[in-house]
Each structure stands twice: as structure tokens, then as C-alpha cells.
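Worksheet for the structure shown next.
Bear in mind that the values in this text are calculations on the coordinates, not laboratory data. Quick caveat: nothing in here was measured; it's all calculated off a predicted structure. All Cβ positions, glycine included, derive from the backbone under ideal geometry; neighbour counts span all protein chains shown.
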Amino acid sequence: MFSKNTSRLVLLVAIAGLGWWGWRQYSPGTGVTAPTRAAPVIPVTTAAAIRSDVPVTLDGLGTVAAANTVTVRTQVDGQLRQVLFREGQEVKAGDVLVQIDSRAYQAQLDQATAKKAQNEAMLANARRDLARYSSLLRNEYATRQQVETTQALVAQLEAAVRADQATIENARVLLGYTTIRSPIDGRAGFRQIDQGNIVHVNDATPVVTITQMRPINVVFTLPQDALPDVVRAMAAGPLEVTALSRDGRQVLDQGRLELMDNQIDQATGTIKLKAAMPNETGLLWPGQFVNAHLVLGTRRQAVTVPASAILRGQQGAYVYVVRADATAEARQIAVAQTDGSRTVIESGVADGENVVTTGQMRLQNGAKVEVKADTPK
């Protein structure tokens, strides 16, 4: 039997032997090298930086506003006899919307017309009397007082006839107010008063509201820093504005910039602009929120890359460029603008260089890459 000390000695010798064998296996002097883990090759897709003409654009959040809105109210009192429009109907200027009971106003017109006829008859008789008295006065068969009195009567009746004519015109206007017509082309809104109700001039509730839909305006804002560029571009010619849906995926209409506001909003540091849209498709609606895309000009032969290649870091924007040895190089860039799926690079990437468009989140500077497939340009 071995003693405890002998057992411990045997165990130490065994451990030392194993350690020596391991050192010999991986010692540089033995010709056997320790296995090293190869750096992983990261699959990526790339796209080439290309030169192309890119529109210089500005984007702002806008609101659609009607070019004209008319609140239709009655100008005379009476019963609403007929409603001749449908809610939501497209109407033309001059179309009859409602008809108010006109019998009382027709009677007033007839009365004023009869009164004028009466005064015209009296005027004709007074003029004949004046002619007779004037003839008799030359032979002294009539007095000057008779002539002057008749002249005054003629003048009085002439004034009465003119007053009658004014009364007739007023009665005719009031009678015309009983037929309410659309003052503009547009779309009728909700009917606020039903047929058969009595309407009054001072009613707070209108009959209907007509909104002009074609053309229509888009009012949007831009930062005040964009003001110099917009002013210079406007001086060069008309500027195109595109109205896009809120998500930017759908083009709703295209029009022209009409004006800039005459002052900057100091609370927000923005300036308000208005563009006119033909709205022939009817996709723009008053009160609708849209994205306004203003084109200031064209940047000729600018270096562009897919927007998906752009990364953001503490130092700003950067991309990964694939070098000739299939390694990735992190490259700081200056972004001029992003227009849809393409980004204009002001500096940092040259024409023809390949940038990583997918897989770049796994990369670091100098990493080995394998290009799976180039993305379409």
C-alpha cells in the first residue's frame, strides 16, 4: 500500500507530464502551430456610386385650402319652397340652388310698376297743360303764375316717375333674391336648412356652403434658412410643387408655386408658401394634410448612392466602401440631399466606388466581405 505522500507525488508527476506534453504540442519550436480562428467573411450587397442629374428639392408639411369658399345665405325673408341641389353635388356658377316664395315680392314689383304708370300719365297731362299755358301766356290769355305752377307740377311728377323707377328696380332686385344661385363653380356641402322652413336675412345658419375644388391651393411651410434659395429660384422662373400623400408614396397632384408670405413666423422660424394645383383628379380636399415637394432646380452630374447605404454615427453620416481587396472601409461623407431612394454625396465617395447597401450593420473597418449581388442602380 502506498502512503498518502507517495500518492500525492505520483499525482503531481502525472500533471507535470501532461503539461509538458501540451507545451510540446503547441510550442513554436516543434513545428506544430496552434490553430487560429479565421476572420469571418460577411456577406453584403453593394451598389456603385453613379453620376446623374438630381432635382434640388425642399419638402414641407402642407394643408390643402380651397381657392374660394362661399357661405350661401338668404337676402330676403320667406318660405324655402324648393331645394334644387344635392349635397356633395358639383355646381356651376349661376346654377339655381334654392327657390324662396316670391309671390309677395312679385306683388311689390307689380305695385311699383302700376304706380309709375299712374305718375307717367299725370306727368303727360301736366306737360300738355304747360304747353297750353305757355302758348296763352304769349297772347296774355294766361298768367305767369299759372305757367310757373304748371312747370313745378311737371318737375314734381318727373321726380315721382324717377322714384317709381327706383322702387321698381329695388323690387326687381328683391324678387331676384328669391332665386338663390351659386356664385362660383364648386362642390356643395351639407344642406343646413330643409325645404318648407321660413328663412330670414339675419339667420345665423346658412343654406349651404360652396367650396371651389378646381383649382385648389396647398399651403405649406419651409424653414427660414431656405428663403434665399427659394427667392433666387423664383426669380429664375416658375417653380413646380408636387403634393404627396402623408406617407410620401402617392403623388396627389402637381402645380406651381404662387407666392411666399410677406413675413417669417418668428415663433416657429418658418415661412409660409402657397401653391396652386389643378386638382383635375379630385384627390386633394380642403383641410387635407399633404407633403409638399418643391423643386428649386437641378444639380447636374452629382454623385449619388442608394439611401439605404447611409449610416449615422457620432461623427455624422458615413458609408462602407468595398475596396479592391474585398475589405470594407468606413468612409465619412457629406450628404447634400436625399431625394426618394437616392442620396446625393457632396464629398467622401467617388464616382464608380461600390458602397454596401445591406449587411453593413455587421461590418467594421477592414472587415472581409463577400459581395452576394449588386443592387440595381
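Here 134, 341 are placed in order of increasing Cβ neighbour count within 10 Å, fewest first, which gives 341, 134.
Using the empirical formula 2.2 N^0.38 Å as the baseline, the Cα radius of gyration of the stretch 29-149 reaches a ratio of 3.45.
Distance between the 7 Å Cα→Cβ label points at residue 113 and residue 155: 3.2 nm.
Per DSSP H run of at least 4 residues, take -39500 (n - 2.57); add these up for the chain, divide by its residues and hand me the 222 nm value, nearest 500 deg cm²/dmol. Mind showing how you got there, number by number?
On the way: 4 runs with 103 residues, N = 377.
Taken over the chain, the calculation gives -9500 deg cm²/dmol.
Going from the residue with the fewest nearby Cβ atoms within 10 Å to the one with the most, 147, 303 rank 147, 303.
Subtract the Cα-Cα distance of residue 307 and residue 358 from 0.36 nm times their separation in residues, and report this length gain in nm to one decimal.
Values: separation 51, 0.36 × 51 = 18.36 nm, distance 1.10 nm.
Between residue 307 and residue 358, full extension yields an extra 17.3 nm.
Most exposed first by the Cβ proxy, i.e. fewest other Cβ within 10 Å, how do 98, 173, 241 rank? Write down the numbers at each step before the final one.
Values: 98 22, 173 13, 241 26.
Fewest-to-most Cβ neighbours within 10 Å comes out as 173, 98, 241.
Note the angle between two axes, namely the Cα long axis of helix 103-138 and the longest principal axis of the Cα atoms of the chain, as a number of degrees from 0 to 90, rounded to the nearest 10. Rounded to the nearest ten degrees, it is 40.
Counting only alpha carbon atoms, the long axis of helix 4-26 and the longest principal axis of the chain meet at about 60°.
For the chain, excluding the exposed loop sites themselves (chymotrypsin sites (Phe, Trp or Tyr not before Pro), DSSP loop, at most 15 other Cβ atoms within 10 Å), the longest remaining stretch covers 191-377.
Counted without the sites themselves, the longest stretch of the chain free of GluC sites (Glu not before Pro) in a DSSP loop having at most 12 other beta carbon atoms within 10 Å is 141-279. Cα-based radius of gyration for the stretch 235-356, normalised by 2.2 N^0.38 Å, reads 1.39.
Computed extension gain for residue 268 through residue 145, at 0.36 nm per residue and net of the alpha carbon distance, reaches 36.0 nm. Take every pair of alpha-carbon atoms less than 8 Å apart whose residues are at least six positions apart; their mean separation over the length of the chain yields a relative contact order of 27 percent. Build a GNM of the chain with springs between Cα atoms under 10 Å apart, and of 113, 74, 242 the one that fluctuates most is 113. With an a/c value of 1.5 or above and a/b larger than b/c for the gyration tensor axes a ≥ b ≥ c computed over the alpha-carbon atoms, the stretch 73-210 is described as prolate. Distances between every pair of Cα atoms in the stretch 215-262, grouped in 5 Å steps from 0 to the bin holding the largest one, split as 4, 16, 27, 25, 18, 9, 0 percent.
From the Cα gyration tensor of the stretch 193-295, with a ≥ b ≥ c the square roots of its eigenvalues, which class applies: rounded if a/c is under 1.5, or else prolate if a/b is larger than b/c, or else oblate? The partial results should precede the final answer.
Working: a/c = 2.70, a/b = 1.89, b/c = 1.42.
It is prolate, given that a/c is not under 1.5 and a/b is the larger ratio.
Size descriptors for the stretch 53-101, from the alpha-carbon set: Rg then Dmax equal 19.9, 66 Å.
Give me the one-decimal Kirkwood hydrodynamic radius in Å for the chain, with the sum taken over alpha-carbon pairs. Mind showing how you got there, number by number?
Numbers: mean 1/r = 0.0327 Å⁻¹.
One over the average 1/r among Cα pairs gives 30.6 Å for the chain.
Using the alpha-carbon positions of the stretch 308-377, Rg (one decimal) and Dmax (whole number) come out as 11.6, 32 Å.
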